[in-house]
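The block underneath contains the structure these notes are about, expressed in structure tokens.
The values are calculated or read from the model by the stated rules, or taken from the named source; none is laboratory data. Quick caveat: nothing in here was measured; it's all calculated off a predicted structure. In this analysis, Cβ positions are derived from the backbone assuming ideal geometry, glycine residues included, and neighbour counts consider all displayed protein chains.
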Amino acid sequence: MRFAILILSVIGIALTSACLGSQPFSPGKVIQAILGGDGISPVHQQIITDFRLPRIATALLAGSALATAGLIMQTVFRNPLADPFVLGVNSGASLGVALVLMVLAPTGIRLTQDLNLTGQSLVIIGSTGGAFLTLLIALFLSRRVDVMSLLIVGLMVSYTVGAMVSILMFFSMAERLQAFLNWSFGNYGNVSWQQMPVFAILIIGGLSLTALFLKPLDALLIGSHYAESLGTNTRRVRFFSLLAASILAGTVTGFCGPIGFLGIAAPHLSRYLFKTSRHLVLVPATILVGAGLSLSADLVSKAPGLDATLPLNAITALIGAPVIIVALIRQRNLKRVFG
Amino acid sequence: MDTRSHNVELACEKLDVGYSHQGKTETILSKLSLEIQGGEFICLLGPNGTGKSTLIRTLSGVQPAIRGEISLDGMPFNSISPRERARQISIVFTDNAPVGMMDSFSFASLGRHPYSGWLGILDQHDLDRVRWALDVVGATNLQARQVAELSDGERQKVSIARALAQEANIMLLDEPTAYLDLPRKVGLMRMLRQLSHQENIGMLMSTHDLDLALRHADRLWLITKTGELIQGLPEELALNGELARAFGSENLDWDPSSGSFQVHKDPCMQFTMDGGGPVAFWTRRAFERYGYGLTQDESCASLLVSIQDDGKNPAWIVRAGDDIHQFKTIPSLINWIRNRS
């Protein structure tokens, strides 16, 4: 029942998002455009199928991915404040982007021409590469230290990489800085239909990997000793679920920029809605809630009626932070709920 | 229960337990040769920091042994898959709150993990076992409540239900009574002993409640201050002085005749007493609190106490040398002892 309502809301928000924008359309027109009817002008058709729909698909996938990654991190680290980026994945991505925009771009324009890559693809390659490099470091460390230390190590990796980005920014020209800043606002509009298969495969792969560990993730909720006494191989579960979370968070950051708050807000809201921490229920719920929140944030950032596009990252924070506060107040006592 | 038709035994041979970190090992207990049989309730006693928890974690397989062999039903530990081991050994520790939101039934259901498929969906038999486990610990009425909202005692019950739902033949408990008040400690201990006998589960439970352990355990494992582990029946260890050796300290003696701790006796401060019943018992407590020890020998006692108890208004006559003091109330008696010592 609650799932049905969630699914309907997500579809509803998606449809609204397809209708609203700098050029509003009626729902009928949107459906016509999707089904390829005749009564619609080619320009309108193109706006809907080539701009709005990939953007909606991106928002759906990114929202599900970040929410699931956040849930995994909260479970593995047994910490309500853990987000998809606790292992420094977003810092790694921003270093990659900073290198592309501030170091490579001014000197290596020939590279772009020779490899026939657009600037956009280069940014995606840079950030995804950076994300996965930090992921490798974090996963390598995860086998050597305990969970709490790993949390701190992740934070320190973030700070270190963030410092490198600052140094790069300090030596960069203003226009390059602006390009980097634009990336760091987050944007769902950058994934074209050509890039979508890679984006979708990575995210669906990450979600499928998560699905393999729903039961052992439940066991991790009661601590690693208990989990092991239930026959769980905690090291393996931790490694692969962190791998899944990092693929999800890294991919989204790579394609859309660093998008905060969805990863914390969606799991909390889902726990509040479903009153459970069982991952068999919570993961699908979180995917739907994440997708819904993500679409809503994108809808707001398109600022229907205004001419400007607001930074997505600011909108997710504006929506996400109150959601977390309300969910926590309703749960009354986070410390008891989260040990 | 058919799965427990034969006794499963958890045993270890020349086992060293402790910690090993970056090539350095710290052995806490060594050369342990022990066994837990089905249906026996063993209490593990010992002062703090002597390795009770380490031993329990090692025997449960969540911490590797430093040296030696642990076997389950005659099979070496490392030849048993984690899933199979989970069907044979369950654990209950002091700290057992799950994070996030979970109702008690889901929490107890985690005990079915070693039996369920990859999604953890429970079949009818699984559900029956969980219901049985909650029922047997008296937690059926708690099953819909969030674990985070339970009291310590309730949560411990549900945690034991989780372990019972695991249908293991061996249950290892590390200070499960630690946060409970006395009546709940007694209740939990009784329940565990009964379950152990009824379900033929071999239970090992570490505890600091010496008195409760002495009353309930079938056998005791006693870790001494020097790091030895002594096994025996409670009465045996009480009478042969091992308990006194393990638990005595500069300020406290373990007194086998009362089965409890006594403030260390000063040989100059002895008293004799005649009279009996509760008044005598509590009078003795009062004297002991202020450093006096009861003796039968009038020649070495500095105080001679006699109690006149007509059942309503007790009175005390205390002779100290040539002085004779009479007291009508407990406060006046205690006031006098306190000023004297």
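Determine whether segment B:7-30 contains at least one residue that is in contact with a His (Cβ under 9 Å, 6 or more places away or on another chain), in contact (Cβ under 8 Å) with a residue 40 or more places away in the chain, away from every other protein chain (no Cβ under 14 Å) and under 28 Å from B:D211 (Cβ atoms). Outline the logic, then answer.
Filtering segment B:7-30 for residues in contact with a His (Cβ under 9 Å, 6 or more places away or on another chain) gives none.
So far as segment B:7-30 goes, no, none of its residues is in contact with a His (Cβ under 9 Å, 6 or more places away or on another chain), in contact (Cβ under 8 Å) with a residue 40 or more places away in the chain, away from every other protein chain (no Cβ under 14 Å) and under 28 Å from B:D211 (Cβ atoms).
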Filtering segment B:65-96 down to residues that are of a type in the set (S, T, N, Q) and part of a loop (DSSP other than H, G, I, E, B), which residue is farthest from the other protein chains (Cβ to nearest Cβ)?
-> B:T94
Within segment B:97-119, can you find the residues that are more than 25 Å from the chain's Cα centre (by Cα), part of a loop (DSSP other than H, G, I, E, B) and among the aliphatic types (A, V, I, L, M)?
-> B:V99, B:M101, B:M102, B:L119
A careful count of residues in segment B:97-113 that are more than 7 Å from chain A (Cβ to nearest Cβ) and in contact with a Pro (Cβ under 9 Å, 6 or more places away or on another chain) gives 1
If B:A178 satisfies every condition in (1) under 18 Å from the mean Cα position of the chain (by Cα); (2) within 14 Å of chain A (Cβ to nearest Cβ); (3) not in a helix (DSSP H, G or I) but one, which is the exception?
-> (2)
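Here is a yes/no grid of residues against (1) assigned to a helix (DSSP H, G or I); (2) under 29 Å from B:T27 (Cα atoms); (3) outside the structural domain of B:A11 (by TED's automatic domain parsing):
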position: B:Q194; (1), (2), (3): yes, no, no
position: B:N200; (1), (2), (3): no, no, no
position: B:L204; (1), (2), (3): no, yes, no
position: B:A213; (1), (2), (3): yes, yes, no
position: B:G227; (1), (2), (3): no, yes, no
position: B:E235; (1), (2), (3): yes, no, no
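Does segment A:235-253 include one or more residues that are touching an Asp or Glu at 6+ places or on another chain (Cβ under 6 Å) and either away from every other protein chain (no Cβ under 12 Å) or assigned to a helix (DSSP H, G or I) (or both)? Steps first, answer last, please.
Residues of segment A:235-253 touching an Asp or Glu at 6+ places or on another chain (Cβ under 6 Å): none.
Looking through segment A:235-253, none of the residues is touching an Asp or Glu at 6+ places or on another chain (Cβ under 6 Å) and either away from every other protein chain (no Cβ under 12 Å) or assigned to a helix (DSSP H, G or I) (or both).
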Go through segment B:114-141 and give me each residue that's at the interface with chain A (Cβ under 9 Å from one of its Cβ atoms) and free of Cβ contacts under 8 Å to residues at least 40 places away in the same chain.
-> B:S116, B:G117, B:W118, B:L119, B:G120, B:I121
Residue under evaluation B:D152, criteria (1) of a type in the set (D, E); (2) farther than 15 Å from B:F107 by Cβ; (3) touching a residue at least 24 places away in the same chain (Cβ under 8 Å), criterion not met = (2)
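Need at least 3 residues that are small (G, A, S) and at pLDDT 80 or above per element, so show me which helices (runs of 4 or more DSSP H) inside segment A:102-216 make the cut, counting only ones lying wholly within it.
Because the criterion is at least 3 residues that are small (G, A, S) and at pLDDT 80 or above, the helices (runs of 4 or more DSSP H) in segment A:102-216 that meet it are A:119-142, A:147-170, A:174-185, A:196-211.
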Is it the case that segment B:148-168 has a residue that's more than 27 Å from B:V8 (Cβ to Cβ), crowded, with 23+ Cβ neighbours inside 10 Å, within 12 Å of chain A (Cβ to nearest Cβ) and of a type in the set (V, I, T)?
-> no
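Kindly indicate the residue of segment B:215-225 that is outside any loop (DSSP other than H, G, I, E, B) and not hydrophobic (A, V, I, L, M, F, W, C) and also farthest from B:S53 (Cα to Cα) among those meeting that condition. Don't jump to the end; show me each part of the working.
Within segment B:215-225, the subset outside any loop (DSSP other than H, G, I, E, B) is B:215-216, B:219-223.
Keeping just the survivors that are not hydrophobic (A, V, I, L, M, F, W, C) gives B:215-216, B:219.
Details: B:R215: 22, B:H216: 20, B:R219: 18 Å.
Among those that are outside any loop (DSSP other than H, G, I, E, B) and not hydrophobic (A, V, I, L, M, F, W, C), it is B:R215.
So, restricting to strands (runs of 3 or more DSSP E) that lie completely within segment B:280-341, which ones have at least 3 residues that are among the hydrophobic types (A, V, I, L, M, F, W, C) and in contact (Cβ under 8 Å) with a residue 24 or more places away in the chain?
Ranges flagged: B:303-308.
Residue-wise test of (1) surrounded by fewer than 24 Cβ atoms within 10 Å (Cβ to Cβ); (2) touching a Leu at 6+ places or on another chain (Cβ under 7 Å).
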site: A:L293; (1), (2): no, yes
site: A:S296; (1), (2): yes, no
site: A:L299; (1), (2): yes, yes
site: A:A303; (1), (2): yes, yes
site: A:L312; (1), (2): no, no
site: A:I315; (1), (2): yes, no
site: A:A321; (1), (2): yes, no
site: A:I325; (1), (2): yes, no
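Name the residue, out of A:A14, A:A59, that is under 21 Å from A:C256 (Cα atoms) and touching a Phe, Trp or Tyr at 6+ places or on another chain (Cβ under 6 Å).
On the way: A:A14 fails: touching a Phe, Trp or Tyr at 6+ places or on another chain (Cβ under 6 Å).
It is A:A59.
Is it the case that B:E69 is in contact with a strand residue (DSSP E or B) (Cβ under 7 Å, 6 or more places away or on another chain) and surrounded by fewer than 19 Cβ atoms within 10 Å (Cβ to Cβ)?
On the way: in contact with a strand residue (DSSP E or B) (Cβ under 7 Å, 6 or more places away or on another chain): yes; surrounded by fewer than 19 Cβ atoms within 10 Å (Cβ to Cβ): yes.
Yes, satisfied.
Looking only at segment B:37-54, which residues are closer than 14 Å to B:I230 by Cα and crowded, with 19+ Cβ neighbours inside 10 Å?
Hits for segment B:37-54 are B:I42, B:C43, B:L44, B:L45, B:G46, B:T50, B:G51, B:K52.
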